[in-house]
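Single-structure report; data block below.
The values are calculated or read from the model by the stated rules, or taken from the named source; none is laboratory data. Since the model is a prediction, treat every value here as computed from it, not as a measurement. Neighbour counts run over all protein chains shown; Cβ positions are idealised from the backbone, glycine included. When the accessible area is computed, the model is the full protein with side chains, heavy atoms only, and any ligands, DNA or RNA have been set aside. Shrake-Rupley method; radii C 1.70, N 1.55, O 1.52, S 1.80 Å.
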Amino acid sequence: MARRIAYTGAPVLTLEQVAEQCRLEQADLQQTLIEQIIIPGVTAQAEARTGAAIREAEYEEDWPETYRSGHALDIGQASAVLSVASVLPDGTTTPLEVRIYLQRLGRESFLHFPDGRPEGVLRIRYQAGADLEAYPGVRSWLLAQAASAYAFRESMIAGTILTELPASFMDSLLAEITVPPRF
């Protein structure tokens, strides 16, 4: 299982984009709410649904010896491998100088070792993030979710029944980057 080390890219939505989607006037903007809660919240929601990195970030994952060359990285939309290290029995790591090839397909990225996979447990550090210009449906999904989160930002809404858009429509906007299940 990969773990996010740190976000390295800018947020995927701007205050202005969300304000336009929500049809907000400048006087009605709640900048802190949008920038610190809504944008990170819908980004995390998309990442959880797709298994792909939406906002550019650095990730790290440990590969057991059973993962051979050509295995998929856990997080979709990987763009560069930053380092490969051997994990020693005491938990420390030793950097490895090995040739690698990152095969990027639409949803997944596969790490190949052309000269053969090094033995033992490996710690792979890589960068990942969705190109929203290449996948405009993802931005549409994020903006729709941001507008919903802004309009219905309270946990309880008295006297109103909310109905979600059909999941088949909303989820199809994320389909191009959704990592397939691996069980």
Exercise. Given the conditions (1) open to solvent by 60 Å² or more (accessible area, probe 1.4 Å); (2) under 23 Å from L15 (Cβ atoms); (3) modelled with pLDDT of 80 or more, and given that F152 satisfies all but one, which numbered condition is not satisfied?
Worked result: (3)
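Suppose we filter the range 62-92 for residues that are farther than 17 Å from P118 by Cβ, out of contact with any helix residue (DSSP H, G or I) (no Cβ under 8 Å at 6 or more places or on another chain), part of a loop (DSSP other than H, G, I, E, B) and not aliphatic (A, V, I, L, M); how many remain?
Keep residues of the range 62-92 that are farther than 17 Å from P118 by Cβ, which gives 72, 74-80, 90-91.
Applying the additional criterion that residues be out of contact with any helix residue (DSSP H, G or I) (no Cβ under 8 Å at 6 or more places or on another chain) yields 72, 74-75, 78-80, 90-91.
Retained after the next criterion (residues that are part of a loop (DSSP other than H, G, I, E, B)): 74-75, 90-91.
When the remaining residues are screened for being not aliphatic (A, V, I, L, M), the result is 74, 90-91.
So the count comes out to 3.
Just for the range 1-39: of the residues that are among the hydroxyl-bearing types (S, T, Y) and open to solvent by 70 Å² or more (accessible area, probe 1.4 Å), which one is farthest from the chain's Cα centre (by Cα)?
At the first step, the residues of the range 1-39 found to be among the hydroxyl-bearing types (S, T, Y) are 7-8, 14, 32.
In the following step, the residues that additionally are open to solvent by 70 Å² or more (accessible area, probe 1.4 Å) were identified as 7-8, 32.
On the way: Y7: 10, T8: 12, T32: 23 Å.
The extreme case among them is T32.
Scan the range 172-183 and give yes if some residue there is of a type in the set (S, T, Y), under 22 Å from G70 (Cβ atoms) and modelled with pLDDT of 95 or more, otherwise no. Can you show your working first?
Let us first name the residues in the range 172-183 that are of a type in the set (S, T, Y), namely 172, 178.
Cutting the leftovers down to under 22 Å from G70 (Cβ atoms) gives us 178.
Still in the list and also modelled with pLDDT of 95 or more: none.
No, the range 172-183 contains no residue that is of a type in the set (S, T, Y), under 22 Å from G70 (Cβ atoms) and modelled with pLDDT of 95 or more.
Return the total of residues in the range 89-108 being of a type in the set (D, E) and surrounded by 11 or more Cβ atoms within 10 Å (Cβ to Cβ). Spell out how you get there, then give the answer.
The initial filter retains those residues of the range 89-108 that are of a type in the set (D, E), namely 90, 97, 108.
Keeping just the survivors that are surrounded by 11 or more Cβ atoms within 10 Å (Cβ to Cβ) gives 108.
Looking only at that region, the number is 1.
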Seminar exercise, completed: Restricting the range 40-59 to residues that are without any contact (Cβ under 8 Å) to a residue 24 or more places away in the chain and closer than 19 Å to S172 by Cβ, the one surrounded by the fewest Cβ atoms within 10 Å (Cβ to Cβ) turns out to be A48
Problem set entry | Residue list for the range 100-129, restricted to those being out of contact with any helix residue (DSSP H, G or I) (no Cβ under 9 Å at 6 or more places or on another chain) and small (G, A, S) | S109, G116, G120, A128, G129
Problem set entry | Residues being assigned to a loop (DSSP other than H, G, I, E, B) and charged (D, E, K, R) - total across the range 4-37 | 2
Problem set entry | Hits in the range 74-88 - residues which are out of contact with any Asp or Glu (no Cβ under 7 Å at 6 or more places or on another chain) and crowded, with 16+ Cβ neighbours inside 10 Å | I75, Q77, A78, V81, V84, A85, S86
